[in-house]
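Coordinate-derived values only; no laboratory data. Model, not experiment: these values are computed from the prediction. Backbone-built Cβ (ideal geometry, glycine too); neighbour counts: all protein chains shown.
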Amino acid sequence: MPRGIRRSIPSSPCTESAPHPRRSEAVVADLDWLSLAALALIAVLFVGLFLLRRAGAKFTLLTVIALVVGIGVGLLFQGHLDYVDVIGTIYVNVITAVVAPLIIVSVLSSVTSLGSLAKLRTIGLSSVFWLLATNLIAILLTLGLALATGIGKGANLELAGVDGSALTGLLAPLDEVIVGLFPNNVVGDISSNNIIAIILFTLLIAVSYLIVADKNAEKVRPFKEFVDATRRVLFKAVGFIIALTPYAVLALVAVTTSTAVARIETALALVGVLVIALVACFVDAYLVNGVLLRVFADLNPLRFFRLLTPAQYTAFTTQSSIGTLPLTISTLTRKIGVSDEVAGFTAPIGTTIGMPGCAGIWPTLVAVFTVNALGIEYTVLDYVVLVVLGLLVSLGTAGVPGTAIVTATAVLTAVGLPIEVLVLLIPISAIAGTASTMANVTAAATSAAIVARRAGALDDEIFAGRAVHRDDLDDPDLPETITSHSPELAASR
């Protein structure tokens, strides 16, 4: 062989690809061994959860165990959970990815199943009313707590040098906000999870179906069958994702605990605001909603909250009402007994209207804290305006992490209070955000249950555990002797 050709042949692939010894040492040195140890422990705990599930442990019990163990892992590996955080982030991304398709299919299926525009108006108006009512109660509750405790008095806030311009940039002009509510690019709205735009577009299609079906149902029956079939397939896919919730809760709680501990020194300086925020969120979620459930839905609040526990824990750890939506809808229909029509309509709207934690409790508390801390004279009329603005801000609120900062910025700006205060409160807003998101999801579920009860669309047999949802009848793990007194379930067999 000619010498020139011999020179062009690599001597050895292994020799050329072998890393430099010092480079390898640098890579090893850069590894966070505690983070790797935390990841290894999480893997072992995942196996434990899997074995418990195989042994017959219930989903709620697994979620509670994951929550408790996650707190322990967060305390043990504080500041070394970067690799574990990846697991939680992946789960949130995956479950968020199905939100837009889920809303489209749920709203389409719900509205097309109603059969008339009159029923749509009834459920639609009732849903909006109760979602706003829960927010109004939360605002009044927070206002009472804040005024009674005098939160902020004597705080001696020093705003000199605090830059709030970044928060101002979060607010869009009113005309842009209104225009943004209406879809101009459906694909773009879906990719950005623009919930109101998605719902409005879907309602346009659904209402068009009702109008055409009213004249000639046979012509659009294939569309209805396609929607129902798509819904079943999508909910099956969502079920696979929801089954991973205990594992995600374990990872997310560990990271959340680690972050909260790291911020505890800063939070202690504003502990009064944080405590009132947490108290208001839990009182609103359990006491206020408990009364509403008993009075207006005739449901046992304790059983309701027990059934809703996995969704509440997911909301608490992800700080995303939108990310929790698939689990919320599934719980409402399969555990609580809310009809598909109501759950598929009210729950999605509840991720953008109402939102008592993010759009009611936090903005109101921050406003009163600011007024007291700066010694501003506020009249009864000023507080009435504050309440009204809190309701208005809750229209179109996005159920994603960080929403509370945006809503609080909007409220403070509207009433003329300095938004620089929010910069000082950012360290505790993330901690308070866990409870406020849980309050959001609980209020949306409560509203759905009330709407369903008043519309005669709540199955007490499912709520009592004596019957199963029609989609669960195909589950091979269910015993064949399951009985149901629900006409809808009986017909589906």
What are the semi-axes of the equivalent ellipsoid for the range 51-136, taken as the square roots of 5 times the Cα gyration tensor eigenvalues, largest first, in whole Å? 39, 17, 16
Say each of N93 and T230 gets a label point 7 Å from the Cα, pointing the same way as Cα to Cβ; how far apart are those two points in nm? 2.6
May I ask you to compute the full-extension gain from A37 to L75, defined as 0.36 nm times their residue separation minus their alpha-carbon distance, rounded to one decimal in nm? 12.3 nm
At 20 °C in a medium of viscosity 1.002 mPa s, the range 221-346 has a Stokes-Einstein diffusion coefficient, with Rh taken as the Kirkwood radius over alpha carbon pairs, in µm² per second, of 126
Counting other C-beta atoms within 10 Å, which of E225, E218, E420, E341 has the fewest, and how do the rest follow? E218, E225, E420, E341
At 0.36 nm per residue, and after removing the present C-alpha to C-alpha distance, how many nm does the segment from A464 to A118 gain when stretched out fully? 121.5 nm
Here, K219 and V186, labelled 7 Å along Cα→Cβ, have an inter-label distance in nm of 1.9
Under 15 Å from the Cβ of F129, count the other residues' Cβ atoms, weight Lys and Arg +1, Asp and Glu -1, and hand me the total. +3
Return the distance in nm (one decimal) between the two label points of a simple spin-label model at L302 and Y378, each offset 7 Å from Cα along Cα→Cβ. 3.7
Evaluated at 25 °C and 0.890 mPa s, the Stokes-Einstein D of the range 304-358 based on the Kirkwood radius over Cα pairs, in µm²/s, stands at 218
Starting from the amide H of I353, placed 1.01 Å from N in the peptide plane, find each other amide H under 5 Å away whose residue is 5 or more places distant or on another chain. G396
